[in-house]
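**Student:** Take this structure, written in structure tokens, and hold onto it; I'll ask about it next.
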Amino acid sequence: MIEYHFRDWLRGDNVKSVTENLSMKVLVGIKRVLDPQVKARVKADQSGIELTHAKMTMNPFCENAVEEAILLKEAGVVEEIVVVSIGVAKAEETLRNALALGADRAILVLTEQILEPLAVAKVLKHIVEKEVPNLVLVGKQAIDDDCNQTGQMLAALLGWPQATFASNIELQDTDATITREVDGGLETINVNLPAVISADLRLNEPRYASLPNVMKAKRKPLDKITLDTLGLNTANRLTTLAVNEPPARAAGIMVATVEELVDKLKNEAKVI
Ligand code: AMP
């Protein structure tokens, strides 16, 4: 076993030591979401966000999960990266993007239903049992539902250890050391493999796909399965009562002096 610091030569920062030639298989869960640069518009009937004709993209935390899998592959620790998305037919674009970035194979589980995290976790468990990866990487949360639940639920359903909010991952042959971003700072934990790890933003800096790789990704394998054929109970358990726009911010006022500002903060806003 040879230990070396692969990020030294990859990017010149964020040094991480890994053990070479582990030939692991990593499965990455990817969600297609509304592009964060686009303003979300609530549907007229308040049942959700209007997604027809909206610009969609890979969930940002999933980009970190994919990037980490690619870095581990480039370091010789991971042999195969399989990306999985559960969603509408257009999620193929998102999976092709992950293939262009460096994933080897993709699986699209087709459904028109908007699944809750427990249902997504059940589907991912089904795929994990077929693919038998050493590691599952997911984003720490999807920016559309902000649930932050799927990775944890998947680990529970599989009976695997979990490490959430990872900002650094070091793989050894039977275990992984993960640095987690917690309120008080950083926590370092060790989990046995196989495990579920959720990626935080500071884990890495996702790359962009080059045009030649976008072209090559069109020929990489992408399997499509229909959710109904899996025989899973993916019924939703929550009912959305209403989705509302955030309240509009009231206009600010100009004050002439610091004294006036302090007076207003004290006597009107009553915050000091
Ligand atoms: P959430 O629990 O909904 O905040 O999602 C956390 C993570 O679970 C995401 O960043 C994805 O990695 C994964 N995930 C959630 N929904 C899906 C989906 N429909 N398809 C694939 N992966 C998903």
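The values are calculated or read from the model by the stated rules, or taken from the named source; none is laboratory data. Please read all numbers here as calculations on a predicted model, not as lab measurements. Because the Cβ atoms are built from the backbone with ideal geometry, glycine has one as well, and the counts that use them run over all protein chains shown. To get the accessible areas, we keep the full protein, side chains included, count just its heavy atoms, and leave off ligands, DNA and RNA. Shrake-Rupley method; radii C 1.70, N 1.55, O 1.52, S 1.80 Å.
**Student:** Only one residue in Lys216, Lys220 is part of a helix (DSSP H, G or I) and at pLDDT 95 or above, so which one is that?
**Tutor:** Selected residue: Lys216, the only one of Lys216, Lys220 that is part of a helix (DSSP H, G or I) and at pLDDT 95 or above.
**Student:** Which one is nearest to the ligand (Cβ to nearest atom) among residues in the stretch 128-151 that are open to solvent by less than 50 Å² (accessible area, probe 1.4 Å) and within 17 Å of Leu193 (Cα to Cα)?
**Tutor:** It comes out as Val138.
**Student:** Further question on the same structure: Can you report the number of residues in the stretch 109-122 which are of a type outside the set (Asp, Glu) and over 16 Å from the mean Cα position of the chain (by Cα)?
**Tutor:** Total meeting the criteria: 7.
**Student:** Which of the residues that make up the stretch 82-92 are under 16 Å from the mean Cα position of the chain (by Cα) and either at pLDDT below 95 or more than 15 Å from Val136 (Cβ to Cβ) (or both)?
**Tutor:** Gly87, Ala91
**Student:** Could you pull out the residue among Glu63, Glu79 that is modelled with pLDDT of 95 or more, open to solvent by 40 Å² or more (accessible area, probe 1.4 Å), outside any loop (DSSP other than H, G, I, E, B) and within 12 Å of the ligand (Cβ to nearest atom)?
**Tutor:** Of the residues listed, the single one that is modelled with pLDDT of 95 or more, open to solvent by 40 Å² or more (accessible area, probe 1.4 Å), outside any loop (DSSP other than H, G, I, E, B) and within 12 Å of the ligand (Cβ to nearest atom) is Glu63.
**Student:** Can I ask one more? State the number of residues belonging to the stretch 41-60 that are within 16 Å of the ligand (Cβ to nearest atom), among the aliphatic types (A, V, I, L, M) and either in a loop (DSSP other than H, G, I, E, B) or farther than 16 Å from Ile143 by Cβ (or both).
**Tutor:** 1
**Student:** Something else: Report those strands (runs of 3 or more DSSP E) wholly inside the stretch 85-185 carrying at least 1 residues which are closer than 14 Å to Met58 by Cβ and not hydrophobic (A, V, I, L, M, F, W, C).
**Tutor:** 135-139
**Student:** Against the definition (open to solvent by 50 Å² or more (accessible area, probe 1.4 Å) and without any contact (Cβ under 8 Å) to a residue 40 or more places away in the chain), how does Glu112 come out, yes or no?
**Tutor:** yes
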